[in-house]
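In what follows, a single structure is set out as structure tokens and then discussed.
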Amino acid sequence: MSDVQTIANRLVENIERVIVGKHSAVQLTVLGLLSQGHMLIEDVPGTGKTVLAKSVSKSVGCKFQRIQFTPDMLPTDVTGVSVFNQKTREFEFRPGPIHAQIVLADEINRATPKTQSALLEAMEERQVTVDGVTHALTPPFMVLATQNPIEYEGTFPLPEAQLDRFMLRIQLGYPSKDEEIEILDRQQFVHPIEELGQAVSVEELLIAQKAIKDVYLDSLVKEYIIEIVRRTRIHPDVYLGSSSRGALAIYRLCQARASIFGRDYVLPDDVKALAEAALGHRIIVGPAARIKDIEPVAIIQDILDNIPVPGAQVPG
């Protein structure tokens, strides 16, 4: 696990040369990268959502594409299109921006549901089907989507199927006074991202992604994960709870978190630390709870407070 820990630390340190004062958010982003998951970055404009995505791409040296979602965008603008070649008298496939390794889906909720659905196959199966032909996407494939939760004019809420495909939802928030001064100082002459170099190779990342799957989970910890997910479905304030994909997300993220802390086993504390980020966007609050302004975060915390923490065994 020491190799995974080293790779993760190099990634976090490199990204934090650009992103100031958001260690937990950066760490979650690296966890998502190691877990082969997609991330939804939700926050108000100007908090560094796009810069975070670009920093991740530069740190790994992956092929990067940015898709600026707009209401008039078509699914073929994302996946690609077959064009008839007059010379060869055959159709040729011209790949869209989704054919990259790290894809920034900027302001994803500005696109219509029809266009958003173009991402569903890519995010779940790492492939795109156009005109009956399937095109595999190059690993490590990761979608980093951003959206503004405040502005509703000209936006389309993400459907449940789309939200469920995001392993994590993270929020950056405003920096503190000292952090904001540091941001000004860093950008006096040039934006730090312009000078950001590669921290790890794609090959190292792929090896780390495979290595975390060897991390041990005690059966009691697995039951703890399932009980948390199950209670999101029966909680009185919840209209729709988490799917089994949510349990799988916590499972894989816990393995990654244990690895970056130098452990080859998962603790219940790993589960508690990741439950909000992995399940918050998968929960739909009931109408009565919505009137009372009850947020999914509060529901998850209530569930964690009422489930006994297991005493997992460490393998010998």
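Write out the chymotrypsin sites (Phe, Trp or Tyr not before Pro) in the stretch 153-235 meeting two conditions: DSSP loop, and at most 13 other Cβ atoms within 10 Å of their Cβ.
Values: sites: F166, F189, Y216, Y224; in loops: F166, F189.
Passing both the DSSP loop test and the Cβ count: F189.
Counted over the chain with a bin width of 10 Å, the fraction of Cα pairs per bin, in whole percents, is 6, 25, 33, 26, 9, 2, 0.
Among the trypsin sites (Lys or Arg not before Pro) within the stretch 215-316, which fall in a DSSP loop and have no more than 12 other Cβ atoms within 10 Å of their own Cβ?
Listed in order of number, the matching sites are K292.
Between the helical axis of 244-260 and the longest alpha-carbon principal axis of the chain there is an angle of about 80 degrees. On a 0 to 90° scale, report how tilted helix 296-305 is relative to the longest principal axis of the chain, with both axes built from alpha carbons and the result rounded to the nearest 10. So the helix axis and the longest Cα principal axis differ by about 30 degrees. Label positions at H191 and S176, each projected 7 Å from the Cα along the C-beta direction, are separated by 2.6 nm.
Sorted on the mean count of surrounding Cβ atoms within 10 Å across their residues, most packed first, peptides 94-103, 156-165 read 94-103, 156-165. Extension gain, T70 to V297: 0.36 nm times the residue separation minus the Cα-Cα distance gives 78.8 nm. Return one number: the angle in degrees, 0 to 90 and rounded to the nearest 10, between the long axis of the Cα atoms of helix 49-60 and the longest principal axis of the Cα atoms of the chain. It is inclined by approximately 80 degrees.
With the cut-off at under 11 Å, measuring from each backbone N in the stretch 261-305 to a point 7 Å along the Cα-to-Cβ line of Y216 picks out 264-266. When shorter helices are ignored and each DSSP H run of at least 4 residues is given -39500 (n - 2.57), the per-residue value for the chain at 222 nm works out to -13000 deg cm²/dmol. Tell me the net charge near L158. Cut-off is 12 Å between Cβ atoms, L158 excluded, with +1 for each Lys or Arg and -1 for each Asp or Glu. Residues close to L158 contribute a combined charge of 0.
Read the figures in this text as sums done on the coordinates, not as results from a lab. Please read these numbers as outputs of a predicted model, since none were measured by experiment. Every residue, glycine as well, gets a Cβ built from its backbone with ideal geometry; the counts of neighbours run over all protein chains shown.
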